[in-house]
Amino acid sequence: MPATADGVSVGHEHYPADPVEALPDGPPAKGPAIDIMTLIFNPVPPPAKSNTMWQALNQQVGCDLNFEITPVADYPSKFAVTLAGGDLPDAMLMLPPKDNTAATPGMLDALFEDLTPHLSGDNIRDYPYLANIPSASWGPCVLNGGIYGIPMPRPVSGGPVFTRLDLIGKLGADPNPKNWTEYFQLCKDVTDPKRNQYAMGDPITAFDTTMQMLGGPNRWGEDGGRFTFWLETDEAKQAMDAVRQMTKAGVMHPDAYTVTGKVKEWFGTGQVVLNPDGAAAWNDYYTTYGPTAKDFDLGYLMPPSWGGGKGGYWAGQSYYGILIIKKAPKARIKQILRAMNALAAPFGTDSYLLRKYGVRGADHTIRGTDPILTPQGTAEVALPTTFATDAPFTLYYPSKPEIVRTQYAFQKDAVERLVRNPTETLYSPANAKKSALLQKVLDDTRKGIMQGRVPLKEWDGVMRNWRKEAGDQIRAEYEKAWETRR
């Protein structure tokens, strides 16, 4: 299933029987070890000395890749402390500015390498697998007029509103509502408090889904160079009121407003039937919950337009973060780039197979031509290479290859109706410095309105305060950056 120019990821039902040798000239990055500071969502993998996959990866690349791994929740503070301390690793993940106030263009210029001489024009030919990363994912790497990082690509379609088709089917409900009324009815149909089963488990993602039905902007809207914040629109107030109706009707999980970090589990165990999530979650759900949930079957719901017909679909962020490289002599920069090029080798190569599935025998066995992880492999391949850089996102799930066609169908549908975030490649100092704190205030008030504790009429005052505190400054900085980029 081929990738397309508008953003559909390539899909494969099976791995090639004879993978292509990604590095035919041998280990490309021979030299001293490379220290990489990054994050992880999963449990930390075994250390290199007891990790077969990690040892094999080092041998393939040609040097020791010393991953310094931090849990995702602690990473922004670790990033800031590391910068302040001055003892920098060779390379480190930089989250988008909205998630990391220390990530400023000035900091990059002072401490990290401008990679433009290495990666622009014909120079990128030295790193063909980096060149293969989609152009959209490279956009946020361009800062200060130069290329200051390597992207961690993600599909522009993002992830869908996942549906538990097995549960919906038992109830005879329609999993594809054609307007808001039918969507709300679906939520009511699948809710059964006696069985501890509810439609949704997170009011924020319920709000996002409703905003897409209403045609609201994806974080920011742009028209003729003028920017509008998504939460200052009429659609935002209508969406809050809609989720308030959902909450009043009892279709939200009873702990939706008080418990965080449990929605994946609720969805996987059938306590929640609809759940927006990321692209990688599709395979993860089958891996984690498929073996124990009878007839486990995932589908996806495309938000319809409020009154009927196709709705818009918010594009996902085309990158997770960027890998920035500490200033160093030219030869050292080239060694690091060659190592990262190896970590971006695409699906169908022996290098990709090693990164994702480890060493045959110890980490995976073969079913047909497909690698199936062993328990040891599941732990070892959690090494977060994907949070350094990666190949273009590929739809592939060897344990249940038939789901790839559904994943591919979703992406084809999504890219036809994408609503993009115009600020993804723009930088606003005020947004980087103030948005996280202000967003918490906005989210707390939103939740209060959607839960029925706060009157909707208070929202206008909240937005006036947001504009006064930083919103209008952020808007002006984005508009200026937009003009500069045109």
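Tallying residues that are farther than 19 Å from Thr389 by Cβ and free of Cβ contacts under 8 Å to residues at least 60 places away in the same chain within region 77-113 yields 15.
Just one of the listed residues (Pro32, Pro27, Pro76, Pro45) is more than 29 Å from Asp363 (Cα to Cα) and either open to solvent by 30 Å² or more (accessible area, probe 1.4 Å) or not in a helix (DSSP H, G or I) (or both), namely Pro76. The residue list Asp6, Asp64 contains one member that is in contact with a helix residue (DSSP H, G or I) (Cβ under 7 Å, 6 or more places away or on another chain) and surrounded by fewer than 14 Cβ atoms within 10 Å (Cβ to Cβ), which is Asp6. Inspection of region 114-128 finds no residue satisfying the criterion of being closer than 16 Å to Ala388 by Cα and at pLDDT below 95.
For region 256-282, residues that are more than 16 Å from Gly159 (Cβ to Cβ), open to solvent by 30 Å² or more (accessible area, probe 1.4 Å) and touching a residue at least 40 places away in the same chain (Cβ under 8 Å) total 3.
Residue pairs whose Cβ atoms lie under 7 Å apart, sitting 6 or more positions apart in sequence or on different chains, and linking a residue in region 160-184 that is free of Cβ contacts under 8 Å to residues at least 24 places away in the same chain to a partner that is open to solvent by 20 Å² or more (accessible area, probe 1.4 Å) and hydrophobic (A, V, I, L, M, F, W, C), do not occur here.
The values are calculated or read from the model by the stated rules, or taken from the named source; none is laboratory data. In this text the structure is predicted, and so the values were computed from the model without any measurement. A quick note on method: Cβ atoms are made from the backbone with ideal geometry, for glycine too, and the neighbour counts reach across all protein chains shown. These area figures cover heavy atoms from the full protein model, side chains too; ligands, DNA and RNA do not enter into them. Shrake-Rupley method; radii C 1.70, N 1.55, O 1.52, S 1.80 Å.
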